[in-house]
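Student: Could you have a look at this structure, given as structure tokens, before my questions?
The values are calculated or read from the model by the stated rules, or taken from the named source; none is laboratory data. What you see is a predicted model, and the numbers here were worked out from it, not measured in a lab. We place every Cβ from the backbone using ideal geometry, glycine too, and count neighbours over all the protein chains shown. Heads up: the accessible areas ignore ligands, DNA and RNA and are worked out on the full protein's heavy atoms, side chains in. Shrake-Rupley method; radii C 1.70, N 1.55, O 1.52, S 1.80 Å.
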Amino acid sequence: MGTLIDGKAMAGQIQAEVALGVQALCAEGHRPPGLAAVLVGEDPASQVYVRNKHKACQGAGLRSEIFRLPADCPREQLLGLVDLLNADPSWDGILVQLPLPAHLDEQEVIERIQPHKDVDGFHPVNAGRVLAGLPGAFSPATPAGVQEMLKRSGISVAGAHVVIVGRSNIVGKPMASLLVQKGEGADATVTVCHSRTRNLPEICRQADILVAAIGRARFITADMVKEGAVVVDVGINRVEDPSAPKGSRLVGDVDFEGVAPRCSAITPVPGGVGPMTIAMLLRNTLDSARRRSRPLGGRV
Ligand code: GUN
């Protein structure tokens, strides 16, 4: 088996770096960066994610608050809360946890957040700026975390063929945007595959670096991976497991046991991309606060 990429340890390092950045900002007389998290309804996974983000903020010295709304909250109530958070200068970042209940229009809510507070990087202004390679955009935390993991593991993506399986706006598409750019940590040749892709196993086998973000448990099997490839597993799927204490456990989009022996490096689930996502969100929030503290030097 190749190297196991320890996302948890790396995320710990990044959070320590963010904590130092927060201290430096406060030493200049600024308030700590603030992240407002909005949670609509009681989806169990979303509750865990938001709680973990909140705890990580507290650990790194950021101010964070969770704004909870009922699952049946009217559209106007959610948009009204976003407007209040937009207008409140004490919040540097706003995140509305997805997915939202079916009666709410996610795109409308995303576009309501001011782009300069959109630390999730989901607003079309940020998505467009990332694709165009413009400075000052917030990169979505998950693909930014994957890029950072590769960088810190000493895995060069320049000139490599990166195959991304999954085309979501949260992971697949921004992952391609980041890696295809000119510059450090990028310069890759990128292929994006999805449910309509023909010959998927064959394309995956061409990958020097394979990024799995499909949302289907153990979808990537050993026959889809080239010997010596790097495999990054973005999936978090709960599967039944009678031997586990809760009767279920988390697995990725990669069949880890089958694939790991073929790889030069692989990320585990849990403890891989997940913790990196949170670390990158904190970094985006710190960056937002820094820009706000230097309005003439910063860019929206
Ligand atoms: N749901 C799944 N991933 C994310 C994320 O990164 N941010 C938000 N807001 N919701 C999500």
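Student: Heavy atoms only, probe 1.4 Å: what % of the accessible area of segment 1-110 goes to carbon and sulfur, would you let me know?
Tutor: C and S fraction of accessible area: 56 percent.
Student: Can you put Glu227, Glu240 in order of accessible area, largest first, using a 1.4 Å probe?
Tutor: Listed by decreasing accessible area, they come as Glu240, Glu227.
Student: Determine the shape class of segment 30-183: with a ≥ b ≥ c the square roots of the Cα gyration tensor eigenvalues, call it rounded for a/c under 1.5, and otherwise prolate if a/b is greater than b/c, oblate otherwise.
Tutor: It comes out prolate by the Cα gyration axes.
Student: May I have the extent of the alpha carbons of segment 1-98 along their three principal axes, as whole Å values ordered from largest to smallest?
Tutor: Sorted largest first, the three principal extents are 47, 45, 16 Å.
Student: Put +1 on the Cβ of each Lys and Arg and -1 on the Cβ of each Asp and Glu in the chain; which of Ile164, Ile236, Leu286 then has its Cα farthest toward the positive end of the dipole?
Tutor: Working it through, the farthest residue towards the positive pole turns out to be Leu286.
Student: What is segment 1-42 by shape, rounded, prolate or oblate, if you read a ≥ b ≥ c off the alpha carbon gyration tensor as root eigenvalues and call it rounded for a/c under 1.5, prolate for a/b larger than b/c, and oblate otherwise?
Tutor: Note, shape of segment 1-42 comes out oblate.
Student: Another question about this same structure. As a check on your grasp of the helix formula, calculate [θ] at 222 nm for the chain: sum -39500 (n - 2.57) over DSSP H runs of n ≥ 4, divide by the residue count, round to the nearest 500.
Tutor: Per the formula, -12000 deg cm²/dmol.
Student: Could I ask something else about it? Taking a probe of 1.4 Å, how large is the accessible area per residue of the chain, in Å²?
Tutor: Here the residues of the chain average 46 Å² of exposed surface.
Student: So if I take the centroid of the Cα atoms in segment 20-52 and the same for segment 1-15, what is the distance between those two points in Å?
Tutor: 22 Å
Student: Quick one: helix 141-152 against the long Cα principal axis of the chain, what's the angle to the nearest 10°, folded into 0 to 90?
Tutor: Helix 141-152 and the main axis of the chain meet at about 60 degrees.
Student: Hey, another quick one. Sequence neighbours fewer than 8 away in the same chain don't count; with that in mind, list the lysines whose C-alpha is under 27 Å from Lys246.
Tutor: Excluding near neighbours in sequence, the set is Lys8, Lys53, Lys55.
Student: Ignoring any ligand, DNA or RNA, what whole percent of the accessible area of segment 151-223 comes from carbon and sulfur when the probe is 1.4 angstrom?
Tutor: Roughly 47 percent of what the probe reaches on segment 151-223 is carbon or sulfur.
Student: Give me the angle, in degrees from 0 to 90, between the Cα long axis of helix 75-87 and the longest principal axis of the Cα atoms of the chain, rounded to the nearest 10.
Tutor: So the inclination is approximately 70 degrees.
Student: Round to a whole angstrom and tell me the spacing of the C-alpha centers of segment 153-198 and segment 270-296.
Tutor: Measuring centre to centre over Cα atoms gives 21 Å.
Student: Which of Met149, Pro268, Ile113 sits farthest toward the positive end of the charge dipole of the chain, with +1 on the Cβ of Lys and Arg and -1 on the Cβ of Asp and Glu?
Tutor: Met149
Student: Over all distinct Cα pairs, what is the inverse of the mean 1/r for the chain, reported as the Kirkwood hydrodynamic radius in Å?
Tutor: By the Kirkwood definition, the hydrodynamic radius is 19.9 Å.
Student: Using only Cα atoms and rounding to the nearest 10 degrees, what angle (0 to 90) does helix 7-27 make with the longest principal axis of the chain?
Tutor: 20 degrees
Student: Let me ask something additional. Report the longest stretch of the chain that contains none of the trypsin sites (Lys or Arg not before Pro) sitting in a DSSP loop with at most 15 other Cβ atoms within 10 Å.
Tutor: Counting at most 15 other Cβ atoms within 10 Å as exposed, the longest clean stretch of the chain is 1-181.
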